[in-house]
Every structure is written in structure tokens, then in C-alpha cells.
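Each remark here refers to the structure printed beneath this line.
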Amino acid sequence: MHNAVRFPDSFLWGAATSAYQIEGSPLADGAGPSIWQRFTHSPGLTANGETGDTACDHYRRWESDIAVMRELGLNAYRFSISWSRVLPNGTGTVNERGLDFYRRLVDGLLAVGIAPNVTLYHWDLPAALDDRGGWLNRDIADWFADYARVMFRALGDRVPMWATLNEPWVVTDGGYLHGVLAPGHRNLYEAPIATHNLMRAHGTAVQVYRAEAKRAIGLVVNLEPKYAASQRDEDVVATRLADAYMNRQYLDAACLGSYPDEMREIFGDAWPEWPAADMAVIKQPLDFIGVNYYTRDFVRNSGYTLAGLVGDAEAERDHRQQRGKLNDLGWEVYPEGLAQFLREYSRYKIPILITENGIPTQRDDDRWVFLFMHLWQVARAIADGVDCVGYLHWSLIDNFEWADGYKARFGLIEVDFETQERRIRPSAWRYAEIIRRNEL
Ligand code: FCB
């Protein structure tokens, strides 16, 4: 028997999802199309041509989904708003019917004691804004801030925690550099611009929040420890660059007001000098940092250029080095990295919320082991003095895993996508027990 490890009394226990991945009915009730609507309906871009047209049908089944969360005893639920449901053209007239969906959802959660944790942007840009240049257009900081203001005015009194963006690194790397995610561009020169406009949008929305509502707002990033595949100088250098590129690029900008020096080394002449006034907008006081943690990575420089490091990041994943078990998407299970990063990222002196952590697997026993081992690391980090305020598992429910479609099963709740039947997995019941006792 191990001694029980208790979590802080106010600890947030929950699960996470995002709009396009679960809602379905993407064009219902006056919603405009998003870039994911277009991406999934273009041939050959997602596994088996799968789309979010139906997904988990959560848009219609949200009440019974809340009932399941309640059964599991979650006290927090992270979801995202579909911008183009609320503003079909991205800017301008509000679609009240779209907004009503989120009003009902928030009220439904609050009624059963579940704190809504709302992400404003989880990758589903209104297509109408993509037509105007999307994240490459400087005006997007204002478009985003206007949308954020609509949401803060509608829900700011009821939502205790907001996040501006989910994983800006993935938006840029997947959407503008490698083209594997919407809007599917592959352009070294666009990537830094998309990054910078994402961060300007983040900063501008935080400023709006301070004027409109007074609870908590943060930024969600994905962090992945980078280890050198060998002690050869070029691998060590490549590792430092990979760490700056993925882990520090966004947090340094948001928390310190500067991008890591490595960005210029990585992008060369594709990395512009950014105006100091922009950096001042980007650096806003944050109430929390949301950390999404899945795996670690070994970095090897196989002789290509520095630009190649980001141009071909996947080739850097050296599986031979990975000792932990690989999950269904081929990512190593490496719980120790979570405590390590929680400690390292405490250096910004901002409370940390784990906004995603989970495993794509058909074997629910593996999910349970994964969950337990990661919570153990969270407990260790807290014991070491890290201010970690909660843990939200990815995901509440099996869902549409972007370009990988429906095959990757991340849910505490299993979904039969033929019938939309839900089944609570055994790992979820065990998680519920941890939540109930507030200890491991
Ligand atoms: C994260 C995303 C989330 C989900 C998980 C598996 O990068 O934020 O939507 O796809 O990965």
C-alpha cells in the first residue's frame, strides 16, 4: 500500500474537448463554415475522408453528455466555442441561435456544479476570415478581439476561466508550415507571420477581457520535452532549437514579451524583426498557463539545414531512442516529462492548469495506467511546490482527431459512431474515484 497523496482542496478535476471535434451539425442554426469544414470536405486530407459533420453529435446531445460528466463527479469541463457559429462571417452580425447553444451549455454545467473552462479558439477559424488572409492578415488581432468581446459580454459573468488560443504552435506548424491541418499551407515564410498574429490576437483579447470581465484568463500551449538523440554537437544544437521552436516560442512571447533568439537561427530570413509595440501588446499578465502534455521527443540533426529542422520536424522523431510504450498514434508514453515540465515552466511564476493529457488507445487498461502515472507526476510536482491548479483529461469522449479521423480513441467515454451510443469506460470510473477522494 502506498500512502495516499492528497490534492489541494480547490483542485480542478475534469476533462476537455473542442467544438469541431465533438459537436457535429457544423452548419446548423445559421452557423458559417469554418476552415475545418472546408479542409475535411476537400479530397484526401483526412483519414478515410472523415469529417466532423456528425462527430459525437454533441450539439444535440449536450444535455445527456453533461449528465455523464455529473455521474463521474467532474468539477470542471473544458470546451471551445466555434467562432463561426457565433459570427458566421467571422466579424459583424452575431448569430444569436449559435450563441444560445453556448449559453445553454454553460448554464447546464453550472446547474450541476461543473465549472466551464472556455477556449475561444481551438483551430476552427471562420472560413470567411480565411478568405481575407486568416492568420496572415494583421487585422485578425482585431477580428479576434471583437469576437472575444461578444463572448465575454455573453458569458463573462458565468465562466470562471477562459483561454484565448489552444496550441498556437500547432496552428502554425500544422496549418501554415506542414499543411497537415487546416488551412493546409506549406510555407516557411508564412509561419512566422501566422505565429505573430496569433500572439497579437491573444494579447489583444486579454486586454479586452480586463476591460469586460474580471475572473481568469490564460493561454493554452502544448509542451514536449526535447532530448538530444546523442551528445554530438549538432544534435545538441538541434535540440536547443527544437525546444525553442515548440516550447518557448509562444510562452516567452506571452510572458516575457520576446521570442527566443533561436527563432532567427531557425527561420533565417523568413523571421522578420517585429515592432516593439507589438511585443508590448503580446505580453499581458495571465492568470494561468494551460499546459497540454502528451509525450517527449528525441532530436537528431541528420545533416539538413536549420530551416530543414522545422521544415521536416517529424523526421526528427527518433523512435529508436524511446523507451516507453508507444500509443496508437506512435507517441511514447513518458509520464516523468510532465513533472519535469511543470517544474521548469513554473519559472514564469504563473499558476499552471493541465488543460490536456491523454492517450489514444483501444486498450482501456493502458488508459488507466497512463492516467494514474501522469497524476502521480502531477502530485510530485505539487509536492515540490509547483502551483498546479487542476487536471483536465483529454478527452471526455472519443472524437474526431483532426487529420487522423475517428480511429484514435482518447475518450473516458467510448462512442459507437454508428449509433452514437455512449459507454463509460472502466478507466473513467477509476478516475471518478480519484476525484471523489481527491487523492491518489
Ligand atoms: C491536441 C489538441 C486536441 C487533440 C489532442 C490529441 O494537440 O489540442 O484537439 O487533438 O491533441
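No value in this document is a laboratory result; all are computed from the given coordinates. These figures come from a predicted structure and were not determined experimentally. Every residue, glycine as well, gets a Cβ built from its backbone with ideal geometry; the counts of neighbours run over all protein chains shown.
Using amide H atoms built in the peptide plane, which far-off residues or other-chain residues are under 5 Å from SER258 H to H?
Those lying under 5 Å, H to H, from SER258 are ALA253.
Output wanted: per-residue J couplings in Hz (rounded whole) for region 368-379, from phi through Karplus 6.51 cos²θ - 1.76 cosθ + 1.60, θ = phi - 60°, x for Gly and Pro.
After applying 6.51 cos²θ - 1.76 cosθ + 1.60, I find 4, 4, 4, 4, 4, 5, 6, 5, 4, 5, 5, 4 Hz.
Give, as a single signed number, the net charge of other residues whose beta carbon lies under 13 Å from the beta carbon of ALA163, with Lys and Arg counted +1 and Asp and Glu -1. Each step should come with its number before you reach the end.
Details: positive: ARG78, ARG215; negative: GLU167, ASP287, GLU356.
Net of charged neighbours comes to -1.
Using amide H atoms built in the peptide plane, which far-off residues or other-chain residues are under 5 Å from ASN117 H to H?
Residues meeting the criterion, in which the H sits 1.01 Å from N, are TYR77, ARG78, PHE79.
Defining a contact as two alpha carbons under 8 Å apart and six or more residues distant in sequence, what relative contact order in percent does region 175-253 show?
The value is 18 percent.
What ranking do 43-49, 333-339 get when scored by the average of other Cβ atoms within 10 Å per residue, highest first?
Values: 43-49: 12.4, 333-339: 21.7.
Put in order of decreasing packing, that is 333-339, 43-49.
Given only helices, namely DSSP H runs of n ≥ 4 each adding -39500 (n - 2.57), what is the per-residue ellipticity at 222 nm of the chain, to the nearest 500 deg cm²/dmol?
-11000 deg cm²/dmol
How high is the relative contact order of region 330-432, in percent, with contacts defined as C-alpha pairs under 8 Å that are six or more residues apart?
Taking the mean separation of contacting Cα pairs over the length of region 330-432, I get 28 percent.
Quick one: Karplus J couplings for region 212-220, per residue in order, coefficients 6.51, -1.76, 1.60, θ = phi - 60°, nearest Hz, x for Gly and Pro?
9, 8, 9, 10, 10, 9, x, 10, 9
Output wanted: per-residue J couplings in Hz (rounded whole) for region 180-191, from phi through Karplus 6.51 cos²θ - 1.76 cosθ + 1.60, θ = phi - 60°, x for Gly and Pro.
Coupling constants for region 180-191: 7, 10, 4, x, x, 8, 10, 8, 4, 7, 7, 4 Hz.
Only Cα pairs under 8 Å and at least 6 apart count here; give the relative contact order of region 13-437 as a rounded whole percent.
16
Straight distance only, please: which lysines reach the Cα of LYS325 with their own Cα at less than 22 Å, same-chain residues fewer than 8 apart left out?
LYS226, LYS407
Of the listed peptides 63-74, 148-159, what is their order by residue-averaged count of other C-beta atoms within 10 Å, with the highest listed first?
148-159, 63-74
Checking the cross-link filter: which lysines have an alpha carbon closer than 29 Å to that of LYS214, excluding same-chain neighbours under 8 positions apart?
LYS283, LYS349
Could you pull out every residue, at least 5 positions away or on a different chain, whose amide H is within less than 5 Å of the one on ILE352? Hs are placed 1.01 Å off N in the peptide plane, and Pro or chain starts have none.
Here ILE289, ASP387, CYS388, VAL389 satisfy the definition.
Between region 356-407 and region 117-196, what is the separation of their alpha carbon centroids in Å?
A separation of 24 Å, based on Cα centres.
If region 13-437 were replaced by its equivalent ellipsoid, with semi-axes equal to the square roots of 5 times the Cα gyration tensor eigenvalues, what would those be, largest first, whole Å?
The three semi-axes for region 13-437 are 29, 26, 22 Å.
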